[in-house]
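FYI, it's all coordinate maths here, none of it is from the lab. Keep in mind it's a predicted model, so treat the numbers as computed, not measured. Glycine gets a Cβ as well: all are built from the backbone with ideal geometry, and neighbour counts include every protein chain shown.
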Amino acid sequence: MSMRPGLVRLLMPVAAATFLAVALAIRAVDDGALRQYSGTALYASMVWAGVRFLWPRLAPVPAGLIAVVFCWAVECAQLTGVPAALSARSLLARLALGVQFDPTDLLWYPVGVLPLVVAHHLLRTRRPVAGP
């Protein structure tokens, strides 16, 4: 049983906003490792919501792979210096593209996506509950 594409497109911006709110809340109360790594994982969660918004019928694993590969591409682009230059001029670019390559982030992106892939799979394969 799969959700209708219209419903997915309605829910994914809400999911992305929720992930962002959680990231900002953590950022407000912590300035250490929790802030760094949860922000990375929640960024990946927001990307997953974007993938689901764009392709609402996509199966769980391909949606997760696209999200993780996109995050890895953005992270690797930081090696060029272009994101840092854009981030110096724009807070939005800083939030979306980052500034500096961190190989640890490559490990945290799947952490933000994997639970969503599992939930997506479970929702997709659930059986309707029989009524009385």
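Protection proxy ranking of 57-66, 4-13, 108-117, by the mean of other Cβ atoms within 10 Å over each peptide's residues and highest first, is 108-117, 57-66, 4-13. Charged side chains reduced to their Cβ positions (Lys and Arg at +1, Asp and Glu at -1) give segment 7-131 a dipole of some 600 debye around its Cα centre.
Could you work out the percent of alpha carbon pairs in segment 1-110 separated by over 22 Å, rounded to a whole number? Value for segment 1-110 (Cα pairs over 22 Å): 36 percent. Model label points for Ile26 and Ala73, set 7 angstrom from Cα along the Cα-to-Cβ axis, are 2.5 nm apart. Judged by the mean number of other Cβ atoms found within 10 Å, the most tightly packed of the peptides 27-35, 43-51 leads the ranking 43-51, 27-35.
P(r) tail for segment 15-78: Cα pairs beyond 17 Å make up 45% of the total. A helix-only calculation puts the chain at -26000 deg cm²/dmol for mean residue ellipticity at 222 nm, using -39500 (n - 2.57) for each DSSP H run of at least four residues, averaged over all residues. Only helices reaching 27 angstrom along their own axis (Cα) with mean Kyte-Doolittle hydropathy no lower than 0.0 count here, and for the DSSP H runs of the chain these are 5-29, 33-54, 103-125.
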